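Take a look at the structure set out below.
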């Protein structure tokens, strides 16, 4: 048989819901705003019914339209008149709060729940709470007294075993009310012996006390003001009103801070004056002392009434957010001389306790059958039409709902990110709602329609509206737009700035670093080259659409390697490209607009690219000839001839600033590079991936034999997102990764002392003329040989280091990161 | 990260528009890096108050038809997980 499992704290100020699952309690979060507690407040505004946080916002400015603390009127015949000309009772408002809490649960619709009630509730009030539960759609409601729930929460969380009768005090100091209950706890049952309380004593009062007595006196001195408190609360001057709201907020933050630290600071900025006020926990304690005293007095009264001595109290358990204050805990401990238990979150203790209780209570038979049936209530309403645009560029998008057959009821729309909620809105047959959209993302909405009794009769989840991602009216980009950047191998690759099919206009800001030091006054330069084409191909085979040079000759100071550079890109609807660069450290700013008619091509860059491919093509021809692939060799030879021809033509047009021959050469260069790419790229990528996999395997095996946590971590980092870069088709990226693996393999190799022996012989077998001091080198070699014989590897390493220092030309580390050619990484 | 964002936002607000000009780019850069980590920060300053916007926690000074957000003490923070945004902090604002 199934259990009730759901526990609800239906509080005067705040409420919440939890579920007992697998021996633990899960406290649900509000899908709107993601908080665990819901203010027990209902408000009416602009025809909407708002529940919770949003409703509470209007407490001060529209008190006639906000309904709170209705729990105090539970079971009475008190009638509330709403702005929608309805008459409501405390049961009706409690029903709304309960329905809202049941919404927290999500897909699963609870059919039964345990609802907590104050210890002071009589039979009529208790029955009224049950009625609210049934009205909210629960078939079965079990009630539980709040102090008992709190005891269950503490007892279950600590798995405390109770073998004899004990008395616990439940000290509940919340945001607006104070309650204390004396509970008898035994191995058989939990029983509230008696209780005391004050309905108008809570944490909110403390914030205002802080503003009035801790902040105001100091601010008056610092800002040369008088009667500041009165000015802030009389509502005559908006600047002072604003200051009050801000100070109340900061006081609340400071209060929380003082629960952790001994001192906190409140910063105030008022009419151009700035002040920083220090608040010590000692001052704060003194301030709240009378309030705490009042609660202690009530607790003592409770004990006296029941002839209970302090020694008879086993522990005091804490409930309510205000009990986070350390002074309260220490005051209780010293006043009653007993253990103060603060081991669980006091704000959700009642929910947790109610859920534990629910986890042990069996469902009655009819509810159990009901729970097993799939819910059909949301399918009641057929033929609902929802009309809206899937794509939008506007901050809000209209949704129209059409329900046939003269339907009257309510609707409510929420956004899945938790930032939008229409509240409950009455309508007849049709509704229109402008949905607020979170820019540049897919917005998911949940639409619910309720009947007149506010039961759900239709639900549409995951209604998606794209904001700014696709614009049906704009033109899509035909190709990727990429920036050419240096890799660590001395070559370059393309990094995508805008993706093919993105809709114009587009803009983006990216940050890069300078990959080589550019000394002022030299003929070096920083190159920013933007191309249109395919990001997975070689940079030079794509169409250059923007080219910017920063010449060292124009620099006022040196541009150092590692400096940050900000690059702004913009492409208009007519495909004009704007590149703006900014280098903060040297305060350099430059912007240029490029369009097809004013295309810029650098002769020098083109020459380098041609020469570079010419170098590579010879090696490729040799390799294909070796493999007797004559057809490809012929085609490569044709490409080779074309490249030589292009190089010759480039020399010819060096001084030509009139004709557009350069563009012709650029066009042919791209074509020939694309052909070259097609012939060799696939093969090269494949062999690069093979090499990568071989090194990966080698390192894996080595790490198994000789584990090294540091190298293991670096290795995991290198191979992270492996599928992404191996499938990128970008040779340069795969090569860089292989290089990182090679470095790791080398580090692993030299973990083993034996590896230094062949290294020593490499140095020892070099021609003596490669060293400076021949006799010293001879002496080192002898020492090295002796060290090998004695297996003294420390000595051997010192000898190798000595030999290295004697070398006239130091060997280059072929795995070292290369300086960039463009200057951008 | 939420606390770091709030500190950055507070520093930016303290500097104000006049003093903040020479560090504007630094703030842009900070926000860019934060966005790369999947966070979305929204400063609702100047927006008209909307009771449906549950991403802000409003403190009213007065009620009129043109209620606007005149001060933002904390910004709205969303965090993207698996491609979907979730509200992780409501803005704390003053409306007048």
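No lab work stands behind these numbers, since they all come straight from the coordinates. This is a predicted model, so every value here is computed, not measured. In this analysis, Cβ positions are derived from the backbone assuming ideal geometry, glycine residues included, and neighbour counts consider all displayed protein chains.
Just to verify a number: FRET efficiency for residue A:387 and residue A:453, C-beta to C-beta distance, R0 = 25 Å, to 0.05? FRET efficiency, residue A:387 to residue A:453: 0.40. Ranked by how many other Cβ atoms sit within 10 Å of their own Cβ, fewest first, the residues B:88, A:311 fall in the order A:311, B:88. Relative to the longest principal Cα axis of chain A, at what angle does helix A:146-157 sit, 0 to 90 degrees, rounded to 10? It works out to around 40 degrees. For chain A, the longest principal axis of the C-alpha atoms and the axis of helix A:123-135 are separated by about 40°.
I'd like the orientation of helix A:281-305 relative to chain A: the angle between its Cα long axis and the longest Cα principal axis, in ° from 0 to 90, rounded to 10. Its long axis makes an angle of about 40 degrees. A straight line joining the Cα centroids of region A:378-417 and region A:666-718 runs 52 Å. Reducing region A:262-338 and region A:579-655 to their Cα centroids gives an inter-centroid distance of 77 Å. From helices alone, chain A scores -12000 deg cm²/dmol at 222 nm; the rule is -39500 (n - 2.57) for each run of n ≥ 4 DSSP H residues, then divide by the residue total. In plain terms, the C-alpha convex hull of region A:266-345 casts an average shadow of 7.0 nm² when viewed from every direction.
Rounded to a whole number of µm²/s, how large is the Stokes-Einstein D of region A:575-702 at 10 °C and 1.306 mPa s, given Rh as the Kirkwood radius over C-alpha pairs? Stokes-Einstein gives a translational diffusion coefficient of 88 µm²/s.
If the Kirkwood radius is taken over C-alpha pairs of region A:1-57, then at 20 °C and 1.002 mPa s the Stokes-Einstein diffusion coefficient equals 169 µm²/s. From its DSSP helices (H runs of at least four residues, each -39,500 (n - 2.57)), chain B gives a residue-normalised ellipticity at 222 nm of -11000 deg cm²/dmol. Restricting attention to the protein assembly as shown, close to 85% of DSSP beta bridges with both partner residues there are antiparallel.
Both numbers refer to the Cα atoms of the protein assembly as shown; Rg and Dmax are 36.7, 112 Å.
Let a ≥ b ≥ c be the square roots of the eigenvalues of the Cα gyration tensor of chain B; is it rounded (a/c under 1.5), or, if not, prolate (a/b larger than b/c) or oblate? Verdict is oblate for chain B. Once you order the gyration tensor axes a ≥ b ≥ c over the Cα atoms, which shape class does region A:129-203 get: rounded for a/c under 1.5, otherwise prolate or oblate by comparing a/b with b/c? Because a/c hits 1.5 or more and a/b fails to exceed b/c, region A:129-203 counts as oblate. What separates the Cα centres of region A:165-189 and region B:20-51 is a distance of 47 Å.
For chain A, the relative contact order comes to 9 percent (Cα pairs under 8 Å, sequence separation of at least 6).
Take the alpha carbon gyration tensor of region B:22-62, find the square roots of its eigenvalues, order them as a ≥ b ≥ c, and report rounded if a/c is under 1.5; if not, report prolate when a/b exceeds b/c, else oblate. Oblate, since a/c reaches 1.5 and b/c is not below a/b.
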